[in-house]
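Undergrad: I'd like to ask some things about the structure below.
Throughout, read-outs are computed from the coordinates displayed, never taken from laboratory work. All figures in this text were calculated on a predicted structure; none of them were measured in a lab. As a convention, Cβ positions derive from the backbone with ideal geometry for all residues, glycine included, and neighbour counts pool all protein chains shown.
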């Protein structure tokens, strides 16, 4: 199936490792020109080298997503460098766990306001595209929780914002969707680190997976790139759960 991504232009926030990197790599593999940002400059440089090797235009810089002015300025520069914008992927997360006030503040600044500010900067170009698409990487923690937690609260806040933008931008042919991953394993990621430092928590989470395994960044990227593509042209306002049946709720 041709997703129709060849020649399109995409921005991926937090696109240098894990799910974000898998999304950037998959888009580039489909012929999409890609701009990525993250805080670690060395990781940005490595990602750009790999993306460029796929024969597409790649642009990126070290950006603190929590710095609203810097984020908006970089998005403007990225759009200019790419020659337009068709796809925005908001993947950056503070991964702020717990109920300390600082955890709420970090999650709000990066997960929620990072998405909101990126929209403010990107929507004019997405409207011009004629087939603009936005994908927000949320989490099953936003729809199913086990206790009070800043991370789940902030992720839950993303989902109605996605739906609101989907409704507001439908007339402009801009689609907005969320992808909510379950337990995703990769070295250096949350569950990769848990396996090393909190093996009991890792084994408990693994045992709750009906498929007997955790997911991979590529499996999330596949869903995100489909939703971002013209192949999903009538899908907007959805929260696409990618969890291997981990959650028990009916997706209404």
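Undergrad: Modelling each spin label as a point 7 Å along the Cα-to-Cβ direction, I'd like the residue 222/residue 45 distance in nm, to one decimal.
TA: Placing both labels 7 Å beyond Cα along the Cβ direction yields 3.5 nm.
Undergrad: Which ordering of 120, 144, 49 is given by a fewest-first count of other beta-carbon atoms within 10 Å?
TA: Details: 120 14, 144 17, 49 10.
Lowest count first: 49, 120, 144.
Undergrad: Then there's this: Over the Cα atoms of the range 33-116, compute the convex hull volume and normalise it per residue, giving Å³. Intermediate results must be reported in sequence, preceding the final value.
TA: Numbers: hull volume 7.8 nm³, N = 84.
Spelled out: Cα convex hull of the range 33-116, divided by residues, is 93 Å³.
Undergrad: Picking from 207, 22, 66, which is most flexible by a Gaussian network model of the chain using Cα springs under 10 Å?
TA: Most flexible of the set in this elastic network: 207.
Undergrad: Something else about it: With a 10 Å cut-off between alpha carbons and a GNM built on the chain, which of 198, 115, 186 moves the most?
TA: Highest fluctuation among the options: 198.
Undergrad: Compute the long axis of helix 113-129 from its Cα atoms, compare it with the longest principal axis of the Cα atoms of the chain, and write down the angle in degrees, 0 to 90, nearest 10.
TA: The answer is roughly 30 degrees.
Undergrad: Tell me, 211, 113, 119, 1 in order of fewest to most beta-carbon neighbours within 10 Å? Please list the in-between numbers first.
TA: Working: 211 11, 113 17, 119 21, 1 6.
Listed from fewest to most nearby Cβ atoms, that is 1, 211, 113, 119.
Undergrad: Something else about it: Using the Kirkwood radius over Cα pairs, work out the Stokes-Einstein diffusion coefficient for the range 130-223 at 37 °C and 0.692 mPa s, in µm²/s as a whole number.
TA: On the way: Rh = 14.9 Å.
It comes out at roughly 220 µm²/s.
Undergrad: Over all directions, average the projected area of the Cα convex hull of the range 1-144 and note it in nm². Show your work: numbers first, answer last.
TA: On the way: hull surface 36.0 nm².
Orientation-averaged projected area of the Cα hull: 9.0 nm².
Undergrad: What number, rounded to the nearest 500 deg cm²/dmol, is the helix-based mean residue ellipticity at 222 nm of the chain, given -39500 (n - 2.57) per DSSP H run of at least four residues and division by all its residues?
TA: Roughly -14000 deg cm²/dmol at 222 nm, from the helical runs in the chain.
Undergrad: So for the chain, averaging the separation of alpha carbon pairs under 8 Å that are six or more residues apart and normalising by length, what relative contact order in percent results? Show your work: numbers first, answer last.
TA: Working: 509 pairs, mean separation 48.3, N = 252.
Taking the mean separation of contacting Cα pairs over the length of the chain, I get 19 percent.
Undergrad: Based only on other Cβ atoms within 10 Å, what is the fewest-to-most ordering of 51, 88, 167?
TA: Details: 51 27, 88 30, 167 12.
Listed from fewest to most nearby Cβ atoms, that is 167, 51, 88.
Undergrad: Expressed as an acute angle from 0 to 90° and rounded to the nearest 10, what is the orientation of the C-alpha long axis of helix 217-228 relative to the principal long axis of the chain?
TA: Value to nearest ten degrees: 40.
Undergrad: Once every Cα of the range 9-242 carries one equal point scatterer and solvent is ignored, give the base-10 log of I(q)/I(0) from the Debye formula at q = 0.10, 0.12, 0.14, 0.17 Å⁻¹, two decimals.
TA: The Cα Debye sum returns log10 ratios of -0.42, -0.61, -0.85, -1.27.
Undergrad: Further, regarding this structure: So for the range 1-69, Kirkwood radius off the Cα pairs, Stokes-Einstein at 4 °C and 1.567 mPa s: how many µm² s⁻¹? Walk me through the intermediate numbers first.
TA: Working: Rh = 11.8 Å.
For these conditions, the coefficient is 110 µm²/s.
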